[in-house]
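The values are calculated or read from the model by the stated rules, or taken from the named source; none is laboratory data. What you see is a predicted model, and the numbers here were worked out from it, not measured in a lab. So basically every Cβ, Gly included, is an ideal-geometry build from the backbone, and we count neighbours across all protein chains shown.
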């Protein structure tokens, strides 16, 4: 997976910015998807990830977990995604899902 940051003024999302966005998105979830979230929710936590050699090890935020699957927010792509961390604890591959509702349905 290769991603290029084309916008030179991009900055990582802060925890408080994500928490505000996440609160709004969770409030808009339909009941069935809200149940999925409630069953898998965790306290928002940083997760090391490896996007490419160019960028090295970065971080994303994990918002839910189901078994080995992590639901993350990829702030470079501005989308939620699902993936599993490698044996070394680093997330190396994840699939972009778009909105929170779609990511939860795939979790």
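Observations on the model:
- When residue 74 is tested against the conditions (1) under 17 Å from residue 107 (Cβ atoms); (2) loosely packed, with under 12 Cβ neighbours inside 10 Å; (3) touching a strand residue (DSSP E or B) at 6+ places or on another chain (Cβ under 7 Å), the lone failure is (2).
- Looking across 103, 84, one residue alone is in a strand (DSSP E or B) and either crowded, with 16+ Cβ neighbours inside 10 Å or modelled with pLDDT of 90 or more (or both). It is 84.
- Filter result for residue 72 (within 27 Å of residue 10 (Cα to Cα) and either in contact with a helix residue (DSSP H, G or I) (Cβ under 8 Å, 6 or more places away or on another chain) or at pLDDT 95 or above (or both)): yes
- Filter pass, residue 64 being more than 20 Å from residue 11 (Cα to Cα) and surrounded by 20 or more Cβ atoms within 10 Å (Cβ to Cβ): yes
- Every pair of residues 6+ apart whose Cβ atoms lie under 8 Å, when the first sits in segment 30-48 and is free of Cβ contacts under 8 Å to residues at least 12 places away in the same chain while the second is assigned to a helix (DSSP H, G or I): 34/26
- Verdict on residue 24 being surrounded by fewer than 11 Cβ atoms within 10 Å (Cβ to Cβ) and either assigned to a loop (DSSP other than H, G, I, E, B) or modelled with pLDDT of 90 or more (or both): yes
- The requirement of being touching a residue at least 12 places away in the same chain (Cβ under 8 Å) and within 13 Å of residue 104 (Cβ to Cβ) is fulfilled nowhere in segment 2-10; no residue meets it.
- Among the residues making up segment 29-45, those that are out of contact with any helix residue (DSSP H, G or I) (no Cβ under 8 Å at 6 or more places or on another chain) and outside any helix (DSSP H, G or I) are 41, 42, 43, 45.
- Meets criteria (at pLDDT 90 or above, under 13 Å from the mean Cα position of the chain (by Cα) and either in a loop (DSSP other than H, G, I, E, B) or surrounded by 11 or more Cβ atoms within 10 Å (Cβ to Cβ) (or both)) for residue 17: no
- Among the residues of segment 52-69, those that are touching a helix residue (DSSP H, G or I) at 6+ places or on another chain (Cβ under 9 Å) and under 15 Å from residue 21 (Cβ atoms) comprise 61, 63, 64.
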